[in-house]
Amino acid sequence: MRAALRPQGRVEELGAAEAAALVEALPVALRAPALHPAYLEADALREPGLGPVRWLYREGQALCWHGFHVAPLPGEAGEAGWRDLQSPYGYGGPLVHPWPPPPGFLERAWAAHRAWCAERRVLAEFLRFHPLLPGAEAYGGEVRGDRDTVWVDLAAGPEGWRGAYQGRARTTLRKAQRLGLRVAWWAPGPFLEAFVPLYAAHMERLGAAAAYRFPRPYLEALARWPAALRGVVLDPEGQVVAAALFLAEGEVLEYHLAADRPEGRAAGAPTLLLDAAFERGAALGLRRAHLGGGRGPDPADGLLRFKSAFSPHRARYRTGCWVHHPGAYEALRRRWPRPRPGRVLFYR
């Protein structure tokens, strides 16, 4: 290793409370819900075997915080003692402060990361970078473009963001209001009782993969997080016809999970709920609402089209990968019975 790349600081694995205090002390422009340590803890309930790690490299006042999961490889591959590293569902990646960092800091931080991975037999890693933060620019591995995402400028005020709605969003919003739908913000208990079955039925109707049919403990952990906003849409009879879980942190409101009934969708309930969420987020001092992208990279994707009707603003979603042991990785790929094409963690 060249002297310029030799780590000069120290690596720490923080406890949950210590990590939360560190992240909450960062400038708000460097923060987002999915990069908060509390989100990492909740995400560990998404599937068995996920082990949250709150990793920090520090040189004086400069730091690189990175929250991720480390898990054993499945099946026979796991018997060899290999593990992999992945960001939480949704978004992750490093937070670097100050940004931009001092010269050479990132090179030394990622050298320390590689050494940490080597000690723990991390075979490979896969990250999903938040489109509104500079995580991809800070990353030491390979970065790949994926798809556009949509964000709404809450700082522009109601006239500004509603003035940017496309015609179909304005028409649908008026329809929902005319039909007597209304939005309510509920406490965790009542929200979960409505949302859990609604979300399960929504995923069944979509034929969603098992990975998106989240267990109740995961949904409970997020809904009970103080940074969560829990919105429901009620029809004139008081029945819940749509619901969504939003997360707030730093300057960002994140549209995280949503579900609706067919009659609610037909009446414009999702549009009404998003419009109300923008208003609530702005009242909390948030400056941007991030809606995410489509179900894939296709620019004609229907979900992306729905979100695009709310704003002309786009941010690029990118992913990161790093194979730390290429020989063992390729040997595993050759003998794996059904590698998943296009995936870095092809065995998952």
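Going through (1) among the hydrophobic types (A, V, I, L, M, F, W, C); (2) surrounded by fewer than 17 Cβ atoms within 10 Å (Cβ to Cβ); (3) more than 19 Å from the chain's Cα centre (by Cα) one by one, Leu192 falls short only on (2).
In segment 252-305, which residue that is crowded, with 20+ Cβ neighbours inside 10 Å and charged (D, E, K, R) is nearest to Pro33 (Cα to Cα)? Restricting to residues being crowded, with 20+ Cβ neighbours inside 10 Å and charged (D, E, K, R), the top hit is Glu254. The listed residues are Arg54, Arg46, Arg108, and the only one of them that is surrounded by fewer than 20 Cβ atoms within 10 Å (Cβ to Cβ) and either in the same structural domain as Ala32 (by TED's automatic domain parsing) or at positive phi (or both) turns out to be Arg46. Within the set Ala156, Ala169, Ala176, Ala124, the sole residue that is of a type in the set (Gly, Ala, Ser), buried (at least 22 other Cβ atoms within 10 Å of the Cβ) and outside the structural domain of His324 (by TED's automatic domain parsing) turns out to be Ala176. State yes or no: is Tyr165 aromatic (Phe, Trp, Tyr) and in contact with a Phe, Trp or Tyr (Cβ under 7 Å, 6 or more places away or on another chain)? Yes. Does Ala211 satisfy the criteria of being in contact with a strand residue (DSSP E or B) (Cβ under 9 Å, 6 or more places away or on another chain) and outside the structural domain of Leu22 (by TED's automatic domain parsing)? So Ala211 fails the test. Taking segment 65-118 as the range and being at pLDDT 95 or above and among the acidic types (Asp, Glu) as the test, the residues that pass are Asp84, Glu107.
In this structure, Pro72 does not qualify as in contact with a helix residue (DSSP H, G or I) (Cβ under 6 Å, 6 or more places away or on another chain) and buried (at least 20 other Cβ atoms within 10 Å of the Cβ). The residue of segment 220-249 that is surrounded by the fewest Cβ atoms within 10 Å (Cβ to Cβ), among those that are among the small types (Gly, Ala, Ser) and in contact with a Pro (Cβ under 8 Å, 6 or more places away or on another chain), is Ala227.
Being assigned to a loop (DSSP other than H, G, I, E, B) and touching a helix residue (DSSP H, G or I) at 6+ places or on another chain (Cβ under 7 Å) is the filter; apply it to segment 312-342 and report the residue that is modelled with the highest pLDDT. So the residue we want is His324.
For the condition among the hydrophobic types (A, V, I, L, M, F, W, C), surrounded by 17 or more Cβ atoms within 10 Å (Cβ to Cβ), under 20 Å from the mean Cα position of the chain (by Cα) and modelled with pLDDT of 95 or more, Leu181 does not qualify. Evaluation of Glu24 against the conditions (1) more than 30 Å from Ala209 (Cα to Cα); (2) buried (at least 16 other Cβ atoms within 10 Å of the Cβ) shows that the sole unmet condition is (2).
The values are calculated or read from the model by the stated rules, or taken from the named source; none is laboratory data. All values derive from a computational prediction rather than experimental measurement. Because the Cβ atoms are built from the backbone with ideal geometry, glycine has one as well, and the counts that use them run over all protein chains shown.
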